[in-house]
Amino acid sequence: MKIQRMHHVAYRCKDAKQTVEWYREHLDMEFVLAIAEDHVPSTHAPDPYMHVFMDAGGGNVLAFFELPNSPEQGKDPNTPEWVQHIAFKLGSMDELMAAKAKLQAAGIDVLGPTDHTIFHSIYFFDPNGHRLELAVDTATPKMQQDLDTVKWDMLNEWAATKRAPRHAAWMHEKELAPTSAP
């Protein structure tokens, strides 16, 4: 088996129409499909829903379910808010900064840009409370090769110790280095 691409990723939304309009207005995503049923196709359980699909670029689709008969959606209280997020790739820092300005002009709180060494990103929330990230890759071919070389060693060390391996510490050393007084 060989996965070809992401078919779609689905999340829950509070209001399908509001969600479609928000993603169109703020992230320029096209609305590509709506499916509504009174019964869940896989289980046949009676549970009406609206399932909407947004074009996330490159053949990727972001989908949402509105479930009016279910309890209000919640978040996993044991997982920090910064962990669960949807990240979208942009082509340049200029695009990232323009997106930040557009979001802020619309009254959306934006965190960043954050320098992750191999990419820069901004963070904000959609109207459903989902954390979103817009990212621009900035890694050099050498950085990519260096990370590729150590990925298995890092994973195996983490699995054995549950401590952050230092194989790619160069990515964050500039943040951790003490600053000298002027």
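The values are calculated or read from the model by the stated rules, or taken from the named source; none is laboratory data. In this text, all values refer to a predicted model and were calculated from it rather than measured experimentally. FYI the Cβ positions are ideal-geometry reconstructions off the backbone, even for glycines, and counts take in every protein chain you see.
If I go through region 59-95 residue by residue, how many of them are farther than 18 Å from C13 by Cβ and touching a residue at least 12 places away in the same chain (Cβ under 8 Å)?
Final tally of qualifying residues: 9.
Just to be sure before I move on: is A87 surrounded by 10 or more Cβ atoms within 10 Å (Cβ to Cβ) and either charged (D, E, K, R) or closer than 17 Å to D28 by Cα (or both) in the structure I sent?
Yes.
Hey, could you check region 29-50 for residues that are touching a helix residue (DSSP H, G or I) at 6+ places or on another chain (Cβ under 9 Å) and outside any strand (DSSP E or B) and say which is nearest to A98 (Cα to Cα)?
M29
Looking at A10, A16, A45, A36 in this structure, which one is loosely packed, with under 12 Cβ neighbours inside 10 Å and within 26 Å of H85 (Cα to Cα)? Can you show your working first?
On the way: A10 fails: loosely packed, with under 12 Cβ neighbours inside 10 Å; A16 fails: loosely packed, with under 12 Cβ neighbours inside 10 Å; A45 fails: within 26 Å of H85 (Cα to Cα).
Only one candidate passes the filter, namely A36.
Does F65 satisfy the condition of being within 27 Å of F31 (Cα to Cα), assigned by TED's automatic domain parsing to the domain that holds A16 and of a type in the set (F, W, Y)?
Here the answer is yes, as F65 does meet what is asked.
Tell me, yes or no, whether region 1-23 has at least one residue that is of a type in the set (A, V, I, L, M), modelled with pLDDT of 95 or more and farther than 23 Å from R131 by Cα.
Taking every residue of region 1-23 in turn, at least one turns out to be of a type in the set (A, V, I, L, M), modelled with pLDDT of 95 or more and farther than 23 Å from R131 by Cα.
Rundown of residues vs (1) aliphatic (A, V, I, L, M); (2) surrounded by fewer than 18 Cβ atoms within 10 Å (Cβ to Cβ), yes/no style:
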| residue | (1), (2) |
| --- | --- |
| M97 | yes, yes |
| N128 | no, yes |
| L132 | yes, no |
| D137 | no, yes |
| K142 | no, yes |
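With the condition kept exactly as written, say whether any residue in region 109-116 is within 21 Å of K14 (Cα to Cα) and out of contact with any helix residue (DSSP H, G or I) (no Cβ under 6 Å at 6 or more places or on another chain).
Among the residues of region 109-116, at least one is within 21 Å of K14 (Cα to Cα) and out of contact with any helix residue (DSSP H, G or I) (no Cβ under 6 Å at 6 or more places or on another chain), which makes the answer yes.
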